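Participant: To start, I am sharing the structure in question, which I have written as C-alpha cells.
The values are calculated or read from the model by the stated rules, or taken from the named source; none is laboratory data. Remember, predicted model here, so these are calculated numbers, not experimental data. Reconstructed Cβ throughout: ideal geometry from the backbone, glycine too, with neighbour counts over all protein chains shown.
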Amino acid sequence: MNTYFFGLDFGTGGAKGCIIDLDGKVLSYAFSEYPIINLKPGWSEHDPGLYWKIACQIISQCVEKAKIKPREIKGVAISSALPCMVMVDREGKPINNAYNLMDRRALEEVEMLKDLIGEDKMFKITGNRLDDHPSIVNLLWEKKNRPDDYKKIFKALTIDGFIVFKLTGKYCIVHQNATFVGAYNLVKKEFDQEIIEQIGLDRNIFPELLFSKDLAGEVTRLAAEETGLAAGTPVAAGQTDFNASCIASGVIDEGDIQSNLGTCGNIGIIHKNTDFMYEMIAFIFTVGEENTYITVPTTTTGGMSLRFIRDKFSQLEVAAEQSFGIDAYDILNSQAENIQPGSEGLITLPFLTGERTPIWDPHARGVVFGLSLNHNKGHWIRSTMEGVAYAMYDSFRLIKKSGMKINLPIVMHEGGAKSNLWRQIITDVFNIPTVLTKQRTGAPFGDAYLAGVVTGYFKDFSKCKELAEYVNRMEPDPGRHELYMEYFSLYKKVYNDLKDDYRELSRIRELG
C-alpha cells in the first residue's frame, strides 16, 4: 500500500491543502477563499461554519486529484494564521463569528490589562508585548459586551484547533499557538495561572497544551463520513502557519530567514535567544521546539492591501479573470510595472486595519500621500507594494541592529511573493539579496511533512532543506535603495505627523 500525508492551512483570506508522498512530491493541491467580515470599524471576523465546510471540500478535492485511496493517507496536520479565535460551546458548536488576526476591537481591554498587570510584567512572562492581538483581550471584550454569549463558551480555540477537534473530538492547542492567547509563559512553556485568575478568566477555557510533535488523536467515524478520510487516520496537534511555511521552504536552521506576502506581510528569523525583542512577535518554532524560537515582524495588511485594491477597485480586472482566465493580480501587477521606483512621489501607508510591528498602533489607517493629476491606478498599485515593503523594512532594520544571526539570502515564499516586481521592490528596499522557492505549495506542504514526522515516516525535518529549491535570485540596486531610503524617511515622517490625528479620528468615528 502507498503512503501519503495531507496538510491543511487556514489563512486569513482562505484555506489551502495538499497531499505529498514519501519523497516529498506534491500529488495534489486545492485552495478556497472565504470572506472577511467587517461589521464595524476595527472588527475582522470569519464565519466559523465555513471552516469545516471548506476543510471537507479541500480534502475531497485533494484526494480526487491525487487519485489515491483515503486509507493510504497515513497522517494529517493542520495550521492556521495567528492570532485567531473560535469560541465553542460544550457541544463544540461555534458561538458568534470567529476572530481573525486583523480584529482590533478590544482596545479598552488592552488598557485595562496594562493598568491591572503592567506591560513590563506581561512582556517578561510572555516574551511579547501586551496589545490587541492575544485571545485574552477578545475574551474580556466578549465578557463585557456579550455576557450571555460569554457564559456559553466552553473552549476558546484557534482555527487549526477547531479543525483538529472536528476531526478527532479532542480539544488542544500547540505551544507555539498558545503564545497568541496572551497568558502563556514562552520560556517555561505553560499558561500563567496567576495572570489568568487575576484578569478574571477561567483556565479551563483554554484547551490542553501539546507540542507539534504530538498526536492529537485519530479521525472519528463521523469526521470520516464528512471528509472522506479513513476513520482512525492519525491527526497531528498542528502548528502556526508561518512555521509550516518555513518548513515547506527549507527554512529550519538558526539564522534562516523567510518573508511571506500573504494577508499579512511577514519576516521570520529562527533563533535560540530568549532575549526577545519588545517591538516584535516571538513564539516557539516547530523544529527543535524545546529550545528554538522564531521572531516574526508583521505588517497587518501586506498582501491584503493588494486584495483590497482588487476587491474594491478592480471590477474590470476581476471580470477579465472570470471571462478569460487571466489572473486579476497579474493584470494589476502589469499596470504597476510601467511605473518608476518611488511611484513619482506617491507614498502609501498600508495600515488598513491598524498596524503591528514595530509601531503597534491599532488606530493607524491607510494613507495615500502626494496624489497628483499625473498619477494613475498603476502608481497607486506600485506605491502600495512599496508601502508594504517600507512597513516590513521598518522591522527588519531593528532585527539587523539587534545583531541576531541572519543567513542570507532572504527566502521569499507565499502570496504576493510570486510577483517579480514586488520581490524586486523588497530586495531594493532591504538592500539584501532574495530568492524565491521553486515549489510554492506553501504552508500545507509544511503541515503534510509535519504529519509524516509525527507518525514516524520521516525521521526529522532535515529533508526539507534538501527538497527546497531556490530560484530567481535578485540582487539589490544601490541607486534604487538610496532613492527608497529617501521615501522611507518621508513615509516614517508622514506616520509620525499623523499619529495623534489617528486617535482623534478613531474617537470621532466611534461617535458615529
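Participant: For the stretch 471-480, name all the residues that are within 16 Å of LEU421 (Cβ to Cβ) and in a helix (DSSP H, G or I).
Facilitator: The one that is within 16 Å of LEU421 (Cβ to Cβ) and in a helix (DSSP H, G or I): ARG480.
Participant: Within the group PHE211, PHE242, PHE206, PHE191, which residue is touching a Gly at 6+ places or on another chain (Cβ under 8 Å) and aromatic (Phe, Trp, Tyr)? Can you show your working first?
Facilitator: Values: PHE211 fails: touching a Gly at 6+ places or on another chain (Cβ under 8 Å); PHE206 fails: touching a Gly at 6+ places or on another chain (Cβ under 8 Å); PHE191 fails: touching a Gly at 6+ places or on another chain (Cβ under 8 Å).
One residue alone meets the criteria, PHE242.
Participant: Moving on. In this structure, does MET385 turn out to be buried (at least 17 other Cβ atoms within 10 Å of the Cβ), over 20 Å from MET485 (Cα atoms) and of a type in the set (A, V, I, L, M)? Write out each step before concluding.
Facilitator: Values: buried (at least 17 other Cβ atoms within 10 Å of the Cβ): yes; over 20 Å from MET485 (Cα atoms): no; of a type in the set (A, V, I, L, M): yes.
So MET385 does not fit the description; no.
Participant: Residue by residue through the stretch 411-434, note down the ones that are of a type in the set (A, V, I, L, M, F, W, C) and either surrounded by fewer than 24 Cβ atoms within 10 Å (Cβ to Cβ) or assigned to a helix (DSSP H, G or I) (or both). Full working, then the answer.
Facilitator: At the first step, the residues of the stretch 411-434 found to be of a type in the set (A, V, I, L, M, F, W, C) are 411-412, 417, 421-422, 425-426, 429-430, 432.
Correct list: ALA417, LEU421, TRP422, ILE425, ILE426, VAL429, PHE430, ILE432.
Participant: Go through (1) aromatic (Phe, Trp, Tyr); (2) outside any strand (DSSP E or B); (3) buried (at least 24 other Cβ atoms within 10 Å of the Cβ) for PHE308 and report which single condition fails.
Facilitator: (3)
Participant: Here's something else I'd like to know. Here is a list: THR437, THR427. Which entry is farther than 29 Å from ILE78 by Cα and assigned by TED's automatic domain parsing to the domain that holds THR357? Outline the logic, then answer.
Facilitator: Working: THR437 fails: farther than 29 Å from ILE78 by Cα.
Result: THR427 is the single residue among THR437, THR427 that is farther than 29 Å from ILE78 by Cα and assigned by TED's automatic domain parsing to the domain that holds THR357.
Participant: For the structure I just gave you, tell me whether GLY370 is surrounded by 21 or more Cβ atoms within 10 Å (Cβ to Cβ), over 17 Å from ILE269 (Cβ atoms), in contact (Cβ under 8 Å) with a residue 24 or more places away in the chain and touching a Gly at 6+ places or on another chain (Cβ under 9 Å). If you could, list the steps in order and put the result at the bottom.
Facilitator: Details: surrounded by 21 or more Cβ atoms within 10 Å (Cβ to Cβ): no; over 17 Å from ILE269 (Cβ atoms): yes; in contact (Cβ under 8 Å) with a residue 24 or more places away in the chain: yes; touching a Gly at 6+ places or on another chain (Cβ under 9 Å): yes.
For GLY370, the condition - surrounded by 21 or more Cβ atoms within 10 Å (Cβ to Cβ), over 17 Å from ILE269 (Cβ atoms), in contact (Cβ under 8 Å) with a residue 24 or more places away in the chain and touching a Gly at 6+ places or on another chain (Cβ under 9 Å) - is not met.
Participant: Further question on the same structure: Scan the stretch 436-452 and tell me whether some residue there is more than 19 Å from the chain's Cα centre (by Cα), modelled with pLDDT of 95 or more and in a loop (DSSP other than H, G, I, E, B).
Facilitator: No, there is no match, as no residue in the stretch 436-452 is more than 19 Å from the chain's Cα centre (by Cα), modelled with pLDDT of 95 or more and in a loop (DSSP other than H, G, I, E, B).
Participant: Could you list, in sequence order, all residues of the stretch 108-142 that are part of a helix (DSSP H, G or I), more than 19 Å from ASN185 (Cβ to Cβ), within 26 Å of the chain's Cα centre (by Cα) and not polar (S, T, N, Q)?
Facilitator: First, pick out the residues of the stretch 108-142 that are part of a helix (DSSP H, G or I): 108-116, 119-126, 135-142.
Within this subset, residues satisfying the condition of being more than 19 Å from ASN185 (Cβ to Cβ) are 108-112, 115, 138, 140-142.
After this cut, where a residue has to be within 26 Å of the chain's Cα centre (by Cα) as well, the list is 108-111, 138, 140-142.
Passing the criteria: GLU108, GLU109, VAL110, GLU111, LEU140, TRP141, GLU142.
Participant: Okay, moving on. Could you grab me the full set of residues in the stretch 316-351 that are of a type in the set (Gly, Ala, Ser) and closer than 18 Å to TYR487 by Cβ? Don't jump to the end; show me each part of the working.
Facilitator: If we filter the stretch 316-351 for residues that are of a type in the set (Gly, Ala, Ser), which is where we start, we get 319-320, 323, 325, 328, 334, 336, 342-343, 345.
Scanning the stretch 316-351 gives ALA336, GLY342, SER343, GLY345.
Matching residues to (1) touching a Leu at 6+ places or on another chain (Cβ under 7 Å); (2) within 21 Å of GLY127 (Cα to Cα); (3) of a type in the set (Asp, Glu); (4) not assigned by TED's automatic domain parsing to the domain that holds VAL367:
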| site | (1), (2), (3), (4) |
| --- | --- |
| LEU261 | no, no, no, no |
| ILE281 | no, yes, no, no |
| GLU290 | no, yes, yes, no |
| THR299 | no, yes, no, no |
| GLY303 | yes, no, no, no |
| PHE308 | yes, no, no, no |
| GLN335 | no, no, no, no |
| PRO350 | no, no, no, no |
| GLU355 | no, yes, yes, no |
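Participant: Yes or no: SER28 crowded, with 17+ Cβ neighbours inside 10 Å, within 24 Å of THR298 (Cα to Cα) and in the same structural domain as VAL137 (by TED's automatic domain parsing)? Before you say what the answer is, go through the steps one by one.
Facilitator: Working: crowded, with 17+ Cβ neighbours inside 10 Å: yes; within 24 Å of THR298 (Cα to Cα): no; in the same structural domain as VAL137 (by TED's automatic domain parsing): yes.
Answer is no for this residue.
Each row is one residue, and each column tells you yes or no for (1) in contact with a Leu (Cβ under 9 Å, 6 or more places away or on another chain); (2) polar (S, T, N, Q); (3) modelled with pLDDT of 95 or more.
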{"site": "GLY13", "(1), (2), (3)": "no, no, no"}
{"site": "ASP23", "(1), (2), (3)": "yes, no, yes"}
{"site": "LEU39", "(1), (2), (3)": "no, no, no"}
{"site": "TRP52", "(1), (2), (3)": "no, no, yes"}
{"site": "SER60", "(1), (2), (3)": "no, yes, yes"}
{"site": "GLU64", "(1), (2), (3)": "no, no, yes"}
{"site": "ILE73", "(1), (2), (3)": "yes, no, yes"}
{"site": "GLU91", "(1), (2), (3)": "no, no, yes"}
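Participant: Name the helices (runs of 4 or more DSSP H) wholly inside the stretch 186-263 in which the number of residues that are crowded, with 22+ Cβ neighbours inside 10 Å and either in contact (Cβ under 8 Å) with a residue 24 or more places away in the chain or among the hydrophobic types (A, V, I, L, M, F, W, C) (or both) is 3 or more.
Facilitator: Numbers: elements: 193-198, 221-227, 241-248.
Hits in the stretch 186-263: 241-248.
Participant: Also: Step by step: first the residues of the stretch 129-169, then only those that are at pLDDT below 95 and out of contact with any Gly (no Cβ under 8 Å at 6 or more places or on another chain), then the one that is farthest from THR179 (Cα to Cα). Which residue is that?
Facilitator: Residue satisfying both the conditions and the ranking: ASP131.
Participant: Restricting attention to the stretch 143-178, which residues are aliphatic (A, V, I, L, M) and part of a helix (DSSP H, G or I)? Before you say what the answer is, go through the steps one by one.
Facilitator: Going residue by residue through the stretch 143-178, those that are aliphatic (A, V, I, L, M) are 153, 156-157, 159, 163-164, 167, 173-174, 178.
Those that are aliphatic (A, V, I, L, M) and part of a helix (DSSP H, G or I): ILE159, ILE163, VAL164, LEU167, ALA178.
Participant: In this structure, does ILE425 turn out to be aliphatic (A, V, I, L, M), farther than 26 Å from VAL174 by Cβ and touching a Gly at 6+ places or on another chain (Cβ under 7 Å)?
Facilitator: Spelling it out, it is not the case that ILE425 is aliphatic (A, V, I, L, M), farther than 26 Å from VAL174 by Cβ and touching a Gly at 6+ places or on another chain (Cβ under 7 Å).
Participant: Can I ask one more? If you scan the stretch 264-301, which residues turn out to be closer than 20 Å to CYS464 by Cα, touching a residue at least 40 places away in the same chain (Cβ under 8 Å) and polar (S, T, N, Q)?
Facilitator: THR286
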